[in-house]
Amino acid sequence: MKPNPVVWFEIYVQDMNRARKFYEDVFQCKLEAMAAPGADSATPRDSAMLSFPMSMDATGTGGMLVQMKDVPSGPGGTTVYFTCADCAEEQNRAVKAGGQIHRAKFSIGQYGYCALVQDTEGNIIGLHSMQ
């Protein structure tokens, strides 16, 4: 198996504007609109997609927020972990952006620290840092 078999993730949301603000505030980045694959330069009317910053030449995994008719958001699915310098910072920004702390920063021994936060759409996301 390759060191990182994950190549893409999608976080389903119900309110794209609210979710965009949450993720841009927490990770201090700009999300970009994406057209659906195979669409004629426009996303189907019943869905919307915003991608996280990415580069095909850099390490890391690409992904996006997706709003799609009849696809729920919320806990219970896959948990995506975002890398951070100190996950306590993103944890605190998550609360300021309208999210909630699901599990405050905790040690995972030699592998660093994690925190779990709930976004404005009910999804649980993980934060990971070595400090």
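Observations
- Neighbour net charge for Ala97 - beta-carbon separation under 14 angstrom, K R +1, D E -1: -2
- Exposure of Thr83 as accessible area (Å², to 10), given a probe of 1.4 Å and all protein chains: 120 Å²
- Most simply put, the chain has about 70% antiparallel DSSP beta bridges, counting only bridges with both residues inside it.
- Accessible area of Lys69 in the full protein assembly, 1.4 Å probe (Å², nearest 10): 130 Å²
- Counting lysine pairs in the stretch 9-131 whose alpha carbons fall under 21 angstrom apart, excluding pairs fewer than 8 residues apart on the same chain, gives 5.
- By the Cα gyration tensor, the chain has an equivalent ellipsoid whose semi-axes, rounded to whole angstrom, run 25, 18, 13 from largest to smallest.
The values are calculated or read from the model by the stated rules, or taken from the named source; none is laboratory data. Keep in mind that what you see is a predicted model, and the values were worked out from it rather than measured. Cβ atoms come from the backbone with ideal geometry, glycine included; neighbour counts cover every protein chain shown. Protein only, heavy atoms only, side chains kept; ligands, DNA and RNA dropped before computing areas. Shrake-Rupley method; radii C 1.70, N 1.55, O 1.52, S 1.80 Å.
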